[in-house]
1. Pick from the range 78-107 the residues that are within 15 Å of the chain's Cα centre (by Cα) and part of a loop (DSSP other than H, G, I, E, B): which of them is surrounded by the most Cβ atoms within 10 Å (Cβ to Cβ)?
2. Within the range 1-18, can you find the residues that are at pLDDT below 95 and either within 16 Å of the chain's Cα centre (by Cα) or among the charged types (D, E, K, R) (or both)?
3. Regarding Leu116, is this residue surrounded by 17 or more Cβ atoms within 10 Å (Cβ to Cβ), at pLDDT 95 or above, closer than 26 Å to Ile139 by Cα and out of contact with any helix residue (DSSP H, G or I) (no Cβ under 7 Å at 6 or more places or on another chain)?
4. Would you check if there is a residue in the range 64-80 being over 18 Å from Tyr132 (Cβ atoms) and of a type in the set (Phe, Trp, Tyr)?
5. Given the range 38-77, what strands (runs of 3 or more DSSP E) lie entirely inside it while holding 1 or more residues that are farther than 30 Å from Met141 by Cβ and out of contact with any Lys or Arg (no Cβ under 7 Å at 6 or more places or on another chain)?
6. Would you please name the residue that is modelled with the lowest pLDDT, looking only at residues in the range 57-75 that are among the β-branched types (Val, Ile, Thr) and touching a helix residue (DSSP H, G or I) at 6+ places or on another chain (Cβ under 9 Å)?
7. Select from the range 19-37 the residues that are under 13 Å from the mean Cα position of the chain (by Cα) and in a helix (DSSP H, G or I) and list them in ascending order.
Amino acid sequence: MNVVDFNKDLDELISNLHDTLIDFQKRKQTGRGIAAPQIGALKNVIYIHLPNRSFALINPEIIEKSSEILEVWDSCFSFDVAFYILTKRFKSIRVRYQTNEGKLVDEKFSGELSELLQHEIDHLSGILATDYLVEKSQIIMRKEYEKIVKKQN
């Protein structure tokens, strides 16, 4: 549901998203974003918390997608980051969204942030990473994923 009132209730929702994400990061040592439906709020709000940038996207909409595709291992708070799914995401996207003050923003995102926003925007439509699963070989448990990452680093 689109946000129409940019008020104290929205600020409280964003604060709740922030606190929930930070708590999850502390407990699981992972997590970069969260969508309002994941905490039971049926609003089109996403909160992103990265080392170099934290921000809320209100009523986000992907308005442009690159032709280049990335394959990424995707996981989710919705299944407690217990497993990872190989998914395909657009390398870059352009997103139109509003700030918590209601200001309209049109911004291009690429790479890791593009992938993350596609994941979170999917949540606003009830789509989970598991909905992209085509073959059993596209899913691995968290310990197996951590071994892959360790080998790459």
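The values are calculated or read from the model by the stated rules, or taken from the named source; none is laboratory data. This structure is a prediction, so every number in the text was calculated from the model and none was measured. Note that we place each Cβ from the backbone using ideal geometry, even for glycine, and neighbour counts take in every protein chain shown.
1. Val81
2. Taking the range 1-18 and keeping what is at pLDDT below 95, we get 1.
Once the filter is applied, which keeps residues that are at pLDDT below 95 and either within 16 Å of the chain's Cα centre (by Cα) or among the charged types (D, E, K, R) (or both), the range 1-18 yields nothing.
3. Values: surrounded by 17 or more Cβ atoms within 10 Å (Cβ to Cβ): yes; at pLDDT 95 or above: yes; closer than 26 Å to Ile139 by Cα: yes; out of contact with any helix residue (DSSP H, G or I) (no Cβ under 7 Å at 6 or more places or on another chain): yes.
Yes; evaluated as a whole, the condition is true for this residue.
4. So far as the range 64-80 goes, no, none of its residues is over 18 Å from Tyr132 (Cβ atoms) and of a type in the set (Phe, Trp, Tyr).
5. Details: elements: 45-50, 53-65, 69-74.
Here the list reads 45-50, 53-65.
6. Applying the first criterion (among the β-branched types (Val, Ile, Thr)) to the range 57-75 yields 58, 62-63, 69, 72.
With the extra rule that they be touching a helix residue (DSSP H, G or I) at 6+ places or on another chain (Cβ under 9 Å), the set shrinks to 58, 62, 72.
Details: Ile58: 99, Ile62: 99, Val72: 90.
Applying the filter and picking the extreme gives Val72.
7. If we filter the range 19-37 for residues that are under 13 Å from the mean Cα position of the chain (by Cα), which is where we start, we get 21, 30-37.
The answer is Leu21, Ala36, Pro37.
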